[in-house]
Every structure is written in structure tokens, then in C-alpha cells.
Amino acid sequence: MKKIITTLLTFVMVFSLFSIPSSAYSNEGVEGFVARCYDIALGREPDDESLKGWCDQLRNGDACGVSVAFGFVYSPEFQNAGFDNATYVEKMYNMLLGRASDKDGKAYWVQQLDAGANREDIFFGFANSTEFFDLCSSYGIYSGYYIPGVGMQRNADINGFVDRLYRICLGRHGDMGSQAGYVQQLAAGAVNGSAVATNFVFSAEYMDNCET
């Protein structure tokens, strides 16, 4: 039994370096998610090549909801638009929460920015919200968890690793709290990939799945 589990653990670690099959996501959901980012963040429709590029990254597990959103918000096109603080906050509500702002909430975030808060901190607050997690789920997208200061690619890599473990070992995406916990620990260096993979393979949920 120990040999079987060790072999499986090795398989999980090796497989996690590769892409999630494209069948893991709905084409309509992925394309809809990316198209709405273009519409809200940049105010235009995507060209075919760019749309395909973003969608392929999501389908292959090379990107997640937060890394795609980050890519749009920190794109030269978005940054060069020169949006004022109120417009920036409204776009965060629309793109990351899927709704218009409420008066008190918008006033709070604009006040934070006017007082000198970094826009990445505001992005962090929206991207790691329950509403963004639910929005991504409605598109069949793995939301991921955003870690400030580590960059889009490292965020995507860490989130992709955790999501692959959930899908391979447990056959599902992680719940918001658990996936965030793993991503935070990996980003901080509190655990390594091998330790996280071991935790999945020896989890009660995985063992129960093996017995059914």
C-alpha cells in the first residue's frame, strides 16, 4: 500500500507540471470571462488572437481568474488610460464583483486611494473577495487567490499548482478558504510543493474517494 501511495504522489507531482486538460473548463464560460474583462477594463472587444491567448492560458491551467484580471488592470492599455480614482474603483466593482458599486462602498475605496493607498491594495481587496470567487465560479473559472507583490506569473504558477492538486486528487476545485490557505503558505515559503502534495494524497477525502 505504501508503495502505491508513493507512486501516486510521484505521479501527482509530475503531472502538476503540465496543463489541465482543456475539457476542464467550458469554452463558453472561459471566452465569456475574458471578453467581459476586455469590455470593462479596456472598453473594447478582443481581437481573435488575444482572446485565444487568454482563453488557452485559462484552459491549460497557466492562468486563473485573479491572474487574468491582474493582466488587464496592469496592462499598458489600462494604465495609460489615466483613470481617476473613482473610475478605477467603479471598474473594480464591475470587473471583479460583476455589479455596479454601492454608494458607501465606493466612497470608502475612493477615500483610501485619495489618502494615498496603492491601487494594488485595492485590487487585492476586490480580487480576494467572496463575490469574485462566486463570479469566477459562474463562468466555470478557477478564481485563484491573489498575493500582493509577487507578480502575475508567480501568482498564476502557485494557484495553478494548487488547483491541479485539487482536481487530480479530489476531483474538484478548492473551496475559497482552503485554496487561499495553500497559496498563501506556498508564496510565503512556509511549505514546499512536496509537502502540500503529500497532504492531498494522505487526506481523508482522497482516501474516501479511493474506497468508493
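What to note about this one:
- Tallying residues that are polar (S, T, N, Q) and open to solvent by 50 Å² or more (accessible area, probe 1.4 Å) within the range 69-86 yields 2.
- Any pair with Cβ under 9 angstrom, 6 or more apart, that starts in the range 72-97 at a residue that is over 11 Å from Leu42 (Cα atoms) and ends at one that is of a type in the set (Gly, Ala, Ser) and open to solvent by 40 Å² or more (accessible area, probe 1.4 Å): Thr87/Ala81; Glu90/Ala100; Tyr93/Ala100; Asn94/Ala100
- The lone exception for Glu28 - which of (1) modelled with pLDDT of 95 or more; (2) open to solvent by 50 Å² or more (accessible area, probe 1.4 Å); (3) charged (D, E, K, R) it fails: (1)
- For the range 109-120, taking the residues that are within 28 Å of Gln179 (Cβ to Cβ) and surrounded by 13 or more Cβ atoms within 10 Å (Cβ to Cβ), the one that is modelled with the lowest pLDDT is identified as Glu120.
- The lone exception for Val66 - which of (1) part of a helix (DSSP H, G or I); (2) of a type outside the set (Lys, Arg); (3) closer than 20 Å to Arg154 by Cβ; (4) open to solvent by 10 Å² or more (accessible area, probe 1.4 Å) it fails: (4)
- Within the range 121-174, being of a type in the set (Gly, Ala, Ser) and either open to solvent by 40 Å² or more (accessible area, probe 1.4 Å) or assigned to a loop (DSSP other than H, G, I, E, B) (or both) holds for Ser129, Ser137, Ser138, Gly140, Ser143, Gly144, Gly149, Gly151, Gly171, Gly174.
- When Leu165, Leu186 are screened for being under 20 Å from the mean Cα position of the chain (by Cα) and in contact (Cβ under 8 Å) with a residue 60 or more places away in the chain, only Leu165 passes.
- Number of positions in the range 40-63 that are within 23 Å of Asp163 (Cβ to Cβ), in a helix (DSSP H, G or I) and among the aliphatic types (A, V, I, L, M): 2
- Extreme residue, surrounded by the fewest Cβ atoms within 10 Å (Cβ to Cβ), among residues of the range 175-212 that are assigned to a helix (DSSP H, G or I) and polar (S, T, N, Q): Ser194
The values are calculated or read from the model by the stated rules, or taken from the named source; none is laboratory data. Keep in mind the model is a prediction, meaning the values are calculated, not measured. Here Cβ is always computed from backbone atoms with ideal geometry, including for glycine, and neighbour counts include all displayed protein chains. When the accessible area is computed, the model is the full protein with side chains, heavy atoms only, and any ligands, DNA or RNA have been set aside. Shrake-Rupley method; radii C 1.70, N 1.55, O 1.52, S 1.80 Å.
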